[in-house]
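Please treat every number below as a calculation from the coordinates, not as lab data. In this text, all values refer to a predicted model and were calculated from it rather than measured experimentally. Methodologically, a virtual Cβ is constructed for each residue, glycine included, from the backbone with ideal geometry; neighbour enumeration extends over all protein chains shown.
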Amino acid sequence: MIKIKNLDKSFGELHVLKNVSLEVQKGEIFGLIGKSGEGKSTLLRCINLLEKRDGGTITLNGQAADFKRSREVREYRKGIGMIFQHFSLLERQNVYKNIAAPMECWGYSKQEIDEKVRELVKIVGIEDKLYEKPRNLSGGQRQRVAIARALSMDPQVLLSDEATSALDPQTTQSILQLLRDINERLGITILLVTHEMEVIRSICHRVAIMEHGEVADCGKVSEIFLNQPGSLKRLLGETAEVLPEEGVNIRMVFKETEENRSLIPDITCATSVRFSVIYSRLEKFRDEVICTTMLNVQEEDLAKVTAYLDTLNIRWEVALHE
Ligand SMILES: Nc1ncnc2c1ncn2[C@@H]1O[C@H](COP(=O)(O)OP(=O)(O)OP(=O)(O)O)[C@@H](O)[C@H]1O
Ligand SMILES: [Mg+2]
């Protein structure tokens, strides 16, 4: 759907994107996460041609984004909807006018516009706000208007740049649910940029982690969390965990399945080792649940326990003290 190959972009001396390659499949929600200033917004702006790239190729649905005429650029952009953190609404215009604006630019008839606006407000759940001005809306409602506007040209792709960053956790969840609905019901591919792991966890199929203008790791979200690459740890920040200083702490990460549910007693039975469970928590990733468990074992029992974990293919590592 979107194919980015060897994308390069500098602002003067600042090399922002270095040889970035990514492929977003049709129908997926793809997350791009990274610390502030890593070039995420720049990448989105390169995709919709608001920013000129220095090198590399961008292909949308098999069509290379190399255009000579502004008319071609406009046609290309028509296929891409975009939403932002600060909504970018026309403050003096009401909701209806805001949603209608792109269609008016493209010369749609009054009737076409009216039908589309009414259909869109239903999809995003703000039918009762049609004639309100943006200032009378909550942040979540404003983002719904922006989403409706982004969908007005029937795009194949929706680019979202920190669309939930200005919203409280509950509103964030409702907007994420809306994006998921749009993806599933309308089949729109979504590429979203965020610095919030929660966004990635709750709706993305796949994720790319950006570091220093490069894609450090990319893959299915639950797999990335199972594998815990260095880029993910650096992003999450090694929060100082309170761990026992005696013995060895083992962090295990595994999919929560029927057979893994009895893992702790299974370890005890198989190894006859006494150990303590420091914590165990479940996290949801779209439709999968991943369990992280921290054990504390005696130094002399470490090999026995980890050998058993290896036979079960459970990923583990020794957690170090701060
Ligand atoms: N038009 C510009 N001119 C010069 N430098 C720019 C321009 N746009 C972005 N930059 C620089 O490029 C780098 C990447 O910026 P970008 O906005 O893409 O980061 P980001 O990953 O989206 O960060 P954030 O998470 O804070 O939104 C930053 O150092 C920024 O200062
Ligand atoms: Mg940004």
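Quick notes on this structure:
- Charging the Cβ of each Asp and Glu at -1 and of each Lys and Arg at +1, and nothing else, the dipole of the chain about its Cα centre rounds to 1720 debye.
- Most tightly packed first, judged by the mean number of other beta-carbon atoms within 10 Å of their residues, the peptides 71-83, 107-119 read 71-83, 107-119.
- Modelled spin-label separation between Glu241 and Glu75, with each label point placed 7 Å from Cα along the Cα-to-Cβ direction: 5.5 nm.
- Using alpha-carbon coordinates, inclination of helix 302-311 to the longest axis of the chain, degrees: 50
- Subtracting the Cα-Cα distance of Asn260 and Glu91 from their residue separation scaled by 0.36 nm leaves 55.5 nm.
- Relative contact order of the range 248-319, defined on C-alpha pairs under 8 angstrom at six or more residues apart (%): 49
- With 23 Å as the limit, the listed pairs Lys5/Lys40; Lys97/Lys129; Lys52/Lys110; Lys40/Lys68; Lys26/Lys129; Lys5/Lys26 have Lys52/Lys110; Lys40/Lys68; Lys26/Lys129 beyond it between alpha carbons.
- Among Ile190, Ala100, Thr42 - extreme Cα towards positive end, dipole of the chain, charges at beta-carbon: Ala100
- Relative contact order of the range 2-235, pairs being alpha-carbon contacts under 8 Å that are 6 or more residues apart, as %: 29
- Paired Rg and Dmax values of the range 2-235, which use every Cα atom, in angstrom: 17.7, 54
- Placing R0 at 45 angstrom, the Cβ-Cβ distance between Leu14 and Ala307 gives a FRET efficiency of 0.35 after rounding to 0.05.
- Seen against the Cα atoms of the chain and their longest principal axis, helix 139-151 is set at about 60 degrees.
- Candidates Arg69, Arg185, Arg135: whichever shows maximal mean-square fluctuation once the chain is modelled as a Gaussian network with Cα springs under 10 Å: Arg69
- Angle in degrees between helix 110-124 and the longest Cα principal axis of the chain, rounded to the nearest 10: 20
- Using the Cβ-Cβ distance between Leu320 and Glu223 with R0 set to 22 Å, the FRET efficiency works out to roughly 0.40.
- Whether the range 96-191 is rounded, prolate or oblate, judged on the alpha carbon gyration tensor where a/c under 1.5 counts as rounded: oblate
- Here is how the number arises for the chain: DSSP H runs of 4 or more residues each give -39500 (n - 2.57), the sum is divided by the residue count, and the result at 222 nm is -10500 deg cm²/dmol.
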